[in-house]
1. Between copies, how far does the label point of A:Q125 sit from its twins, in nm, shortest first, when each point is 7 Å from Cα along Cα→Cβ?
2. Report, for segment D:19-263, the % of DSSP beta bridges that are antiparallel, rounded to 5.
3. Taking R0 as 56 Å, what FRET efficiency do you get between B:S335 and C:S335 from their Cβ-Cβ distance, rounded to the nearest 0.05?
4. For segment A:66-156, what is the convex hull (Cα atoms) projected area averaged across all directions, in square nanometres?
5. Over 20 Å intervals from 0, what percent of Cα-Cα pairs in the protein assembly as shown sits in each interval?
6. Just the C-alpha atoms of segment A:5-133: what Rg/Rh do they give, with Rh taken as the Kirkwood radius?
7. Mind checking D:91-99 for the average number of partner chain beta-carbons within 10 Å of each residue's beta-carbon?
8. Taking 2.2 N^0.38 Å as the expected size of a compact globular protein, what ratio does the Cα radius of gyration of segment A:199-339 give against it, to two decimals?
There are 4 protein chains.
Amino acid sequence: MNTSGRHFLQIPGPTNVPDRVLRAMDFPTIDHRGPRFAEIGQQALEGMKRIVKTEKGEVIIYPASGTGAWEAALVNTMSPGDKVLMYETGHFAMLWRKMAERIGLQPIVLEGDWRHGADPNAIEQALRADAGKDIKAVCVVQNETSTGCASRIDEVRKAIDAADHPALLMVDTISSLASIDMRMDEWGVDVVVGGSQKGLMLPPGISFNAVSPKALEVNKAAGLPRSYWDWEDMRGPNAKGFFPYTPATNMLYGLVEAIAMLEEEGLENVFARHDRLAEATRRTVRAWGLELLCQEPRHYSSSLTAVVMPEGHDADAFRDAVLRNFNMSLGAGLSKLAGRVFRIGHLGDFNELSLTGTLSGVEMGLAIAGVPHNKGGTQAALDYLAETSPYREPIKTAAE
Amino acid sequence: MNTSGRHFLQIPGPTNVPDRVLRAMDFPTIDHRGPRFAEIGQQALEGMKRIVKTEKGEVIIYPASGTGAWEAALVNTMSPGDKVLMYETGHFAMLWRKMAERIGLQPIVLEGDWRHGADPNAIEQALRADAGKDIKAVCVVQNETSTGCASRIDEVRKAIDAADHPALLMVDTISSLASIDMRMDEWGVDVVVGGSQKGLMLPPGISFNAVSPKALEVNKAAGLPRSYWDWEDMRGPNAKGFFPYTPATNMLYGLVEAIAMLEEEGLENVFARHDRLAEATRRTVRAWGLELLCQEPRHYSSSLTAVVMPEGHDADAFRDAVLRNFNMSLGAGLSKLAGRVFRIGHLGDFNELSLTGTLSGVEMGLAIAGVPHNKGGTQAALDYLAETSPYREPIKTAAE
Amino acid sequence: MNTSGRHFLQIPGPTNVPDRVLRAMDFPTIDHRGPRFAEIGQQALEGMKRIVKTEKGEVIIYPASGTGAWEAALVNTMSPGDKVLMYETGHFAMLWRKMAERIGLQPIVLEGDWRHGADPNAIEQALRADAGKDIKAVCVVQNETSTGCASRIDEVRKAIDAADHPALLMVDTISSLASIDMRMDEWGVDVVVGGSQKGLMLPPGISFNAVSPKALEVNKAAGLPRSYWDWEDMRGPNAKGFFPYTPATNMLYGLVEAIAMLEEEGLENVFARHDRLAEATRRTVRAWGLELLCQEPRHYSSSLTAVVMPEGHDADAFRDAVLRNFNMSLGAGLSKLAGRVFRIGHLGDFNELSLTGTLSGVEMGLAIAGVPHNKGGTQAALDYLAETSPYREPIKTAAE
Amino acid sequence: MNTSGRHFLQIPGPTNVPDRVLRAMDFPTIDHRGPRFAEIGQQALEGMKRIVKTEKGEVIIYPASGTGAWEAALVNTMSPGDKVLMYETGHFAMLWRKMAERIGLQPIVLEGDWRHGADPNAIEQALRADAGKDIKAVCVVQNETSTGCASRIDEVRKAIDAADHPALLMVDTISSLASIDMRMDEWGVDVVVGGSQKGLMLPPGISFNAVSPKALEVNKAAGLPRSYWDWEDMRGPNAKGFFPYTPATNMLYGLVEAIAMLEEEGLENVFARHDRLAEATRRTVRAWGLELLCQEPRHYSSSLTAVVMPEGHDADAFRDAVLRNFNMSLGAGLSKLAGRVFRIGHLGDFNELSLTGTLSGVEMGLAIAGVPHNKGGTQAALDYLAETSPYREPIKTAAE
């Protein structure tokens, strides 16, 4: 097993945590009821509002994985037996549906083929068919981590509006947050579900709900039992930067630093960087003669790329060869895609050379694992990245 | 505000995180589905079994605060409307009770005066009175963080046995874990609830259930809805060191290191150290002429000491003086004790000189805040600690 | 051996490195010829000028121990056979003298009793007696780390002026830098010799010369061979923030952070804090009935206190008892003071409670080692520190 | 300026410091006279002997840059006016020569063309011509960092033996230590000069002499003045793991960790890894149609590769384009090579994907800077690295 040098963590999350974030977390825990903590708490809560682009909404931070934030979104807004419309974009959408069932909801699932994002027309039709307005929420995964297909949330919003339906719009942004744009207020998203360990560049351990005024109104009558996840318990202490129970203090140190990094680069620049690295990846995959799992260019994910293995070749054996030979972790195919696809994460604290290193590792792994492909895929990325670099022109000094 | 030098974090948790643990956490996050992770996961799960002294039971680790582990203990074992016997040792016992109500249980509360641990006789009587065996669990806080009173879990066990009652025994060890002995198997504890940020010397962010075979049996029929907290989902992947959703990887790095530190010192030595530092603290409080909140010596806590403020003096004004003048955080009185007590945490990564520094800060704070007291309390700690040091004799070399 | 909790490093340097400095150092090394480095280099060099209070002088930073900075001061200003007037304040002054001899100089030593700082009158007389102006430099240790006696550099300056002598004034500030005031320009110091590991709160590894225009002039004709230590080689690249050979990059990260911390607190506040903690220490020593090594109150050091052991008691056996029982390192007596004194460091990143913890450890160690003393010394520090706290008054809010 | 993601530090040192080393250094400084330090000191000194493969020799560790270790080697063995034979392999050999002159030695320089390692025949002839045995030392740079040419130290040894000359053999290993084999005892090297910031994977700040018994003998009569660098002062305290003045404690923590990492991988595997990555780099350079600076394959360096810029193109403008566009630092041409070559560092904590990322950055930089080259150079590295991976075969489990 090759363990030399720096590991390339190219699963689609957790991502490579930057040194600044790790070091920010590496400070002694402080009193979560004291004045210094209040400042950090407020910075974290306010900063996250800027990340999801809400001024009207509020952010809730849980000491929990993203899975907990899914549960929080549902138990704070729903009552037993409520119907929720869920779009089957892939494995994670189906896990969310399973959770909804387990806690007593009735998911109505719009089937998908795991190779596209959510179809707004299907959503619109389903809502129009719901004459009794029984559907309480539309649940969509913005970026389906299992497939590399990203749904267009702006279009989902339009579909709901076109159907003139009062359902809440709940969006899982776990692998899109801070990598792909989320305009919560503009798009009328009622609950954003997010996690720390992807575009936010933190280790896993905290997760988020961002909540619209409409969702807060619905919350008052929501009948599912809840305690740990209760928004209302959070809101009082949050107003002063505190939390109702012990928060994950050191993760919050890291969150404040991560937000600072994102804003130093500029959120729009961060998104553009992800778009460009994703496009370089797809050009490489095509140059190898391999197939992208995502079939709709408008749904290509900027966070990750899922690649279909040629018939007769096992994606996991290939991934194992890459890990063994080149000290790089790639993402596996999940549930029905197991063994049939591998996933390249290109999100978070990531740049051109990390990407070309990554693609090189894939290309060499294909060779070692005997997977048929055309050489030169990595070269396609080099060509594209050199051409499109935003820094091609020398920096002019004042004198010039 | 004095911010020079090292902050003394002497609330009863989160505690001063040792450098070894912080540094262990300060490594890049790795693939939570990869082989290196599996080793860490197994080390963490197996290590925690040794900490709670169970061979028969299993440990579940949540990316969550201790509050989440409370919820997990209940939703995994109870059905809607179930009765649970809860002992009012103080603020945290009452929060647990409130949670039980919110998720649909019927707590039967044995009232307490917040100045003693749980009374085994009262428990025995309540169970004997439960002819229909409707009480499904006895819930006790081993160390009540709000009062500094520790309940005797061995005696609670005997009380349940004496009543010949089948109820599960659930014990909150959040502020006792790794500071005060927990013999899960020997004492027949069915569910241990624990957190990371106290005796385990970690930041907050992960919490624990340790679960007996009996609790696992009960779990099968438990009817409360659950998803994030579900034990059964955890057990499958846990067997190989994995988790069903993304775990708090970097916290697990820290946990493995913390367990190593505890075992290097020796768990029994860790407990003895806590006992001795707690006794030094109580001698100091008495020498000041102040009153201990805990009235039963057999229930004195080795994790923290709560001190009653003299009439007419506000504990929070005093704590503020200590923070402002001496850069030390003390614990506040909670709910009905607000303003009336302050709490000194002396648990976790802590030693004699950190304690005498702490007690000095309290004594100087009393002077500055104008709280009547006898000088010389800190001196009492010095006398006791010097006398009882386990290292008084010079180390003999082989030649001698 | 007690290894629990945080070690108290109370030797008079290296000192307890604050987390902010350690974390600042814990970043990847960067290109020492690149633009980011230049900024750091300039911040370090400019910041150090503020620390020694020079606008006219320049600062040189060596990747070396303080001992190297001694050598640098001499080889950059002297020629073989030159005479230097050195004052025997203690062990370190005598090491500097030994170095001078080894590199070919002729030290003229003014004898001292190791219980006082330098006597300006003796210096004046020696200079007056030097009719031929053969003495090229007066070398004084500002704070003699072996004795806890601090020389008055302002008075030494006056003595040189009174003798109307052209000798350079060279001052070793290794254990006074950033703990005791150094007004390089105001006091006409020509070469300041400093190190990183004391008041600057860094690990050991870099050291300093601060150099006056007069010293730079003298440097041109100085005939001792030199290469690594050569000032002139440094000055060219330094002007742009660079160095002639690879600098200790990560130490420079820490230096920039340490300077930021000192300036956030305010240099004068830092000095006042050291003065106050030193006075508390002396009151404690007197209350124990022990003898201070330093016999002249005007020469008391604010960095450390050396304590004379009672006849018949071995200081090193005592120090060993303190280390063994209380996980604290104290400074040993050096050369002719070996076994007869111990030294308490109270400099750097240090506050009231760290000091009272330290003094408690000494007091308990005296008891365990059977050293005769009066109890209550630590109490004297508590009384003094509570009375003199600068933060006694509650912070008034705007509304009040 | 592109500052996203992880910086690629591909100068030929300082190198990318691995997280394990940075974290090992990120611990509080301890008492350099205490028992814990002694263990660390001994581990560092003993470990370094294994790295340079000496059992008969001793290692000296300086808190200093590599430049200091050069000076140490000379002042400990030479007397004023002594002749030393120095081979002009490039810029650094010439800096060493300049230093020798400045401290009063008479270097005899064997001229080189900066495109080959040292020529053993020339050395042999020069020694044979020295009938009076006036040459006291032969000084060779094992890996000339400015040119990427590595001298064959085994052959230099044979040349000295063939001439039957008693001169000491001194070898600068600054950019070869722990990257290219050094068999001190086997090759009869008398003084090894090394630094921390290259193959040892540490930040800059400590440097080394490894010293043969013969060199120690010569040291006794060596007449150059010395103090900071004196071997004899070091040897006494070193025997117990201590140092005569304050060592760079935290760097030593890192050194112990770095040695552990090297020995976990296995020194011979480390060398093989460097050889293979260097060969991949050269294949890439040739595929681009660019010229290697080093003209003798037997002298190719495994630490770095220097590439000649095509006529009319400025290497520094190219390097600037790479830094600006791809956040990677490359090494500049030095002195007479300024602007004419760039240098790729591929040493230290480095692996295949870091290398392909690096080469990609060079290739894209060539395109952006308009430097004529053939595409596909990076592809050549991919082909070679995939073919030669030592981990091509799946790991067989016991069952198979």
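1. Distances between equivalent label points, in nm: 6.9, 9.0, 10.9.
2. Values: 12 of 29 bridges.
Counting only bridges with both partners in segment D:19-263, antiparallel ones make up about 40 percent.
3. So the FRET efficiency works out to roughly 0.35.
4. 5.5
5. Using 20 Å bins, I get a P(r) of 9, 32, 36, 20, 4, 0 for the protein assembly as shown.
6. Details: Rg = 19.5 Å, Rh = 18.5 Å.
Answer for segment A:5-133: 1.06.
7. For peptide D:91-99, the averaged partner shielding equals 1.
8. Working: Rg = 20.9 Å, N = 141, 2.2 N^0.38 = 14.4 Å.
Ratio of Cα Rg to 2.2 N^0.38 Å: 1.45.
Bear in mind that the values in this text are calculations on the coordinates, not laboratory data. All values derive from a computational prediction rather than experimental measurement. We place every Cβ from the backbone using ideal geometry, glycine too, and count neighbours over all the protein chains shown.
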